[in-house]
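Quick one: the structure is below, questions incoming.
Every number here is computed from the coordinates shown, using simple stated rules; none is lab data. A quick note: this is a predicted structure, and the numbers were derived from the prediction, not measured. Using ideal geometry, Cβ is built from the backbone for each residue, glycine included, and neighbour counts are taken over all protein chains shown.
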Amino acid sequence: MAFALATGLVSLAPGIAPAASEQSASQKRHYAIAGGSLVSVLNRFAEQAGIFLAGHNDLASGKLSPGLSGDFTEQQALQRLLQGSGLQAQPQIGGGYVLQPASGALELDATNIAALSLGAITEATHAYTTSSTSTATGLPLSLRETPQSITVITRQQMDDQGGTSIADVLRRAPGISVQNYDSERWEFSSRGLPITNFQYDGVNTDYDGVYDYGTTSTDMATFDRVEIIKGATGLMTGSGDPSATVNLIRKRPTETFKASVSGSVGSWDSYRSEGDVSGPLTASGNVRGRFVGVYQERSAHADHYQNTKDIAYGILKTDLTPDTLLTFGIDQQNTRSRGASWTGFPMFNSDGSRTHFSRSFNPATDWSRRDFNNQTLFASLEQRLANDWTLKVSYDRKHRQHDTFLGSASGGNPDPVSGDGMFMYMGKFKGDEVQDNLDVNFSGPFSLFGREHQLIAGFMAMNTRQDIPVFGSIYPALDGSIFDWRGEFPKPDIPQVGSDDIVQRQTGAYLATRLKPTDDLSLILGGRVSDFKGSDHLDYLDANTPDVRDGYRQTGVITPYAGLVYDLDDTYSVYTSYTNIYQPQMSKDANRRLLDPVEGDAYEAGIKAEYFGGRLNASLAIFRIEQDNLAEYVSGVDTESIYRPVQGATTKGFELELAGEVLDGWKLSAGYTYNHTRDAKGDYVYGSVLQTTAPAQVVRVFSTYRLPGVWENLTVGGGVNWQSEFFGNVFQPNPNDGGQYARITQDSYYLVDVMARYRFNEHLSATLNVKNLFDKTYYTGLGNFGTGFYGEPRSLQLTTKWEF
């Protein structure tokens, strides 16, 4: 029934509600109600639930609600809808509810009120999980309702772990392994395969694993959470490796004023300051804004390295009408590095013996640089329509630039006694990329055979253009011993030799529906039809050098998706899912022909559990991935890189994960992943850039506990990150026969992190993070041009924060 805001009404007559109301109130049903004005949201809920809801007209006016997605009882649903509003829905004896100001903790059913405070947004929930995600299918589903493995790194977990960059966050995320190309670039892997799908608020972005454009240096100050959907997500991304999709969800303006300033100091002269202010900009609250600013300076364990970062983020949300929401904003992230390396250090001496460089050794010159300037303009318009349907239009424009001039004493193999015989990798690279993304979708519930189901239909378009002046690379000999290296080498003049124009376009129409044949069974079916087009035009200034023209075009590529979820009871569900894999690529073989697109299939099945009203989520997943035409690096130090297509690559394994609040004050994120990846011949599959494998086993555990009683202001925590051995394919010289490629092993290792936070009062807190507590020495990169790279030694970071 309609939401009655009757002035002065404080109770309902006992006989108003039907006799079955008590039973129906305790039963769960599925809701999918978009956020918006509280009046509008409560109207929709009352209509769907069929309840009486009364109260004072001025109580709900001008307030907002986060909406509702998932299966809830009436009282659980009302608690979520009213969170943060200062209101509560008081149940009446005869049925129905009265809206009134909150007067303290209200117990509903047998569920802890804290268990009902979760929404999609994780900020201020202090949680290690979330209640809703739409990254996998576009439909707003809980973790348990999504038929794929999902890891969510919340704002609280990032703060507890001291994670300020995407590399900080992902290297501690369950199921993810991280390796370094060099000082500025990382490769993230899931299920034994590189991750190339990155999204911002669900909008795809083009990822270049070679030039990077700063993707793997993204700062996390502007994000509410990171959603990692394991496995293939072709339904929403169109193309990409079946490893995972990393979706970074931005912070949103808050309904009430809040602000904070923080300052950090850490090892190797690292300093960081951060400010965050948010709240309504009008008296009615229909316009809300937020600004985040960051400035950071830091050195590193490597000699003569310096990095600075400045960030400005602004966002506005405006309720044009009670049913129309406009969002727009800008995100500017600038990063500058000096002493930036190009690859790592040589792994073998000239006689074939192993080298022994210190962790502080930096092969880069003191002038070697990588500078990234990334600007994103984004906007969306959400229109709520009749019958709980929503039309959403999103636009995202990225302008990314990199200015790179590298000098790195990483080439060759030194004499083990004199240190002679090395040469420089030196190159000048620039890039200017503009990417436009458009997404239009239409979603909502529909009725069929007397039951309610969900549907989303949409269209995506992505257009990326890179303008790249080509300067090339040179490899001068190092005049002197590598053992005396201090980063001093003359900066060369590398003239421009040409220009490269790279264009990539992708369009796709997608459709997904969640059918509910019974209360316990959900069937998710979807499909995408995509067109791909790419061109690479390399023009040389020298008329005697032939230009290069490469390109591909595929149309009508169909990506099916199917998932099934069956609820065993109120806690456990079993699921299975399937999707197709398709990804065009620009890698070339020895004959300079483009490799065929990567194609394959991904299968997954498992069981999920939801405890304490969703405050704790658990999952077990088994998976199998089959792929053809994977690009594997062959050679190309002083020529254009050559790759070979790997056929019959198969990955199989399983994952366990537990995330959320185990007990009051005890939060936990834990995961174990096993994967086995081999090609059709049973050989290891090495990466397309790093000639290395991913570890077969990964364990990630992190937990915090807020002490009780007189120590309630103290929170302590710690974590263990363990991974099994991995292998690098590196050339080993031999004075007798010239040498051959050898396999280098990084044995399994574990890293321990600890933290402690003390809250002095409601405004001031201090957090101490110690990473790699036992100062383990390990490689975090192998095989990039035959070199290695050390992981970070023990580090300390102290952060103080003042909240207004």
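List every residue whose amide H lies under 5 Å from the amide H of Tyr778, counting only residues 5 or more places away in sequence or on a different chain, with H placed 1.01 Å from N in the peptide plane.
The answer is Gly791.
Separate question: GluC sites (Glu not before Pro) within segment 548-642: which are DSSP loop residues with at most 16 other Cβ atoms inside 10 Å?
Sites meeting the loop and neighbour criteria: Glu640.
Same structure again: Any idea what % of Cα-Cα pairs in segment 583-624 are farther than 12 Å?
72 percent
Could you work out [θ]222 nm for the chain from helices alone, using -39500 (n - 2.57) per DSSP H run of at least four and dividing by all its residues? Round to the nearest 500 deg cm²/dmol.
-1500 deg cm²/dmol
Among all the lysines, which ones have a C-alpha under 22 Å from Lys258's C-alpha, if same-chain residues fewer than 8 places away are not counted?
Within reach: Lys63, Lys317, Lys801.
Please get the size of the charge dipole for the chain, origin at its Cα centre, with Cβ charges of +1 on Lys and Arg and -1 on Asp and Glu, quoted in debye to the nearest 20.
Dipole about the Cα centre, nearest 20: 1080 debye.
At 0.36 nm per residue, and after removing the present C-alpha to C-alpha distance, how many nm does the segment from Asp539 to Asp664 gain when stretched out fully?
So the chain would gain 38.6 nm between Asp539 and Asp664.
Okay, next question. Can you figure out the FRET efficiency of Val634 with Val265, using R₀ = 35 Å and their beta-carbon distance, to the nearest 0.05?
Computed FRET efficiency for Val634 and Val265: 0.15.
Further question on the same structure: On a C-alpha basis, how far is the centre of segment 721-773 from the centre of segment 487-541 in Å? Whole number, if you could?
Taking the Cα centre of each part, segment 721-773 and segment 487-541 sit 30 Å apart.
Just for the Cα atoms in segment 566-650, what are the lengths along the principal axes, largest first, rounded to whole Å?
59, 22, 17 Å, listed from the longest principal axis down.
P(r) for segment 260-390, please, calculated from all Cα pair distances in 5 Å bins and given in %.
2, 9, 12, 12, 12, 11, 9, 8, 7, 6, 5, 3, 2, 1, 1, 0
Any chance you could check the Cα centroid distance between segment 777-793 and segment 547-615 for me, in angstrom?
30 Å
Further question: Toward the positive end of the charge dipole of the chain, about the Cα centre and with charges on Cβ (Lys, Arg +1; Asp, Glu -1), which of Ser131, Ile249, Phe291 goes farthest?
Ser131
If I model a spin label as a point 7 Å beyond the Cα along the Cα-Cβ vector, how far apart are those points for Glu47 and Tyr741 in nm?
Those two pseudo-labels are separated by 6.3 nm.
Kindly write out, for segment 445-456 in residue order, the coupling ³J(HN,Hα) from the Karplus curve 6.51 cos²θ - 1.76 cosθ + 1.60 (θ = phi - 60°), rounded to whole Hz, with x marking Gly and Pro.
x, 8, 9, 8, 6, x, 10, 9, 10, 10, 8, 9
Considering the alpha-carbon set of segment 743-804 alone, what are its Rg and its Dmax in angstrom?
Values for segment 743-804 (Cα only, Rg and Dmax): 17.4, 55 Å.
Let me ask another. Using Cβ counts within 10 Å as a stand-in for footprinting exposure, how do Ile482, Ile494 rank, fewest first?
If I rank by nearby Cβ atoms, fewest first, I get Ile494, Ile482.
Would you work out which of Gln90, Phe623, Ser703 lies farthest towards the positive end of the dipole of the chain, given +1 charges on the beta-carbon of Lys and Arg and -1 on that of Asp and Glu, about the Cα centre?
In the chain, that residue is Gln90.
Trypsin sites (Lys or Arg not before Pro), restricted to segment 555-629: which are DSSP loop and have at most 16 other Cβ atoms within 10 Å?
Arg592, Arg593
If you take every residue apart from Glu488 with its C-beta less than 15 Å away from the C-beta of Glu488, what net charge results, scoring Lys and Arg +1 and Asp and Glu -1?
-1
Please report Met236, Met424, Met347, Met586 as a ranked list, fewest other C-beta atoms within 10 angstrom at the top and most at the bottom.
Final ranking by Cβ density, sparse to dense: Met586, Met347, Met424, Met236.
Could you pull the Rg and Dmax for segment 392-481, using just the Cα atoms, both in Å?
26.4, 83
In terms of Cα to Cα distance under 19 Å, which lysines are near enough to Lys491, apart from those fewer than 8 places away along the same chain?
The qualifying lysines are Lys428, Lys430.
Right, here's the next one. Within the P(r) computed for segment 338-427, what percentage of the Cα pairs occupies the region above 24 Å?
Across segment 338-427, Cα pairs with separations above 24 Å total 50 percent.
Let me ask you something else. What three numbers, in Å, describe the spread of the alpha carbons of segment 475-630 along their principal axes, ordered from the longest?
So the extents along the principal axes, rounded to whole Å, are 71, 47, 25.
Here's another thing I want to ask about it. For a quick check of your reading of the filter: which GluC sites (Glu not before Pro) in segment 415-507 sit in a DSSP loop and have no more than 15 other Cβ atoms within 10 Å?
Loop-located and lightly packed - Glu488.
Further question on the same structure: Given R₀ = 51 Å, FRET efficiency for Ile330-Ser353 by Cβ-Cβ distance, to 0.05?
Between Ile330 and Ser353 the formula returns 0.45.
Expressed in whole Å with the largest first, what are the equivalent ellipsoid semi-axes of the chain derived from the C-alpha gyration tensor as the square root of 5 times each eigenvalue?
49, 29, 25
Ok, one more. How big is the Kirkwood radius of segment 167-278, worked out from every pair of different alpha carbons and given in Å to one decimal?
One decimal place: 15.6 Å for the Kirkwood radius.
Something else now. Taking a temperature of 10 °C and a viscosity of 1.306 mPa s, what whole-number D in µm²/s does Stokes-Einstein yield for segment 129-195 with Rh from Kirkwood over alpha carbon pairs?
Rounded to a whole number, D works out at 118 µm²/s.
Once you place label points 7 Å from the Cα toward the Cβ at Gln100 and Leu377, how far apart are they in nm?
Result: 5.2 nm between the two label points.
Among Asp219, Asp420, Asp567, which comes first, second and so on when ranked by fewest other beta-carbon atoms within 10 Å?
Starting with the residue having the fewest Cβ neighbours, the order is Asp420, Asp567, Asp219.
Let me ask something else. When N counts the residues of segment 700-804, how does its alpha-carbon radius of gyration compare numerically with 2.2 N^0.38 Å, as a ratio?
Compared with the compact-globule rule of thumb, segment 700-804 sits at 1.63.
Using the structure shown, list the pairs from Lys230/Lys398; Lys230/Lys608; Lys398/Lys588 with a Cα-Cα distance above 19 Å, or answer none.
Lys230/Lys398; Lys398/Lys588
What do you get for the angle between helix 38-49 and the principal long axis of the chain? Use alpha-carbon atoms, 0 to 90 degrees, nearest ten.
70 degrees
Now for a separate question. What is the extension gain from Asp415 to Gln697, computed as 0.36 nm multiplied by their sequence separation minus the C-alpha to C-alpha distance, in nm to one decimal?
Answer, rounded to one decimal: 97.9 nm.
Further question: Tell me, what is the Rg over Rh of segment 648-728, with Rh the Kirkwood radius over Cα pairs?
1.21
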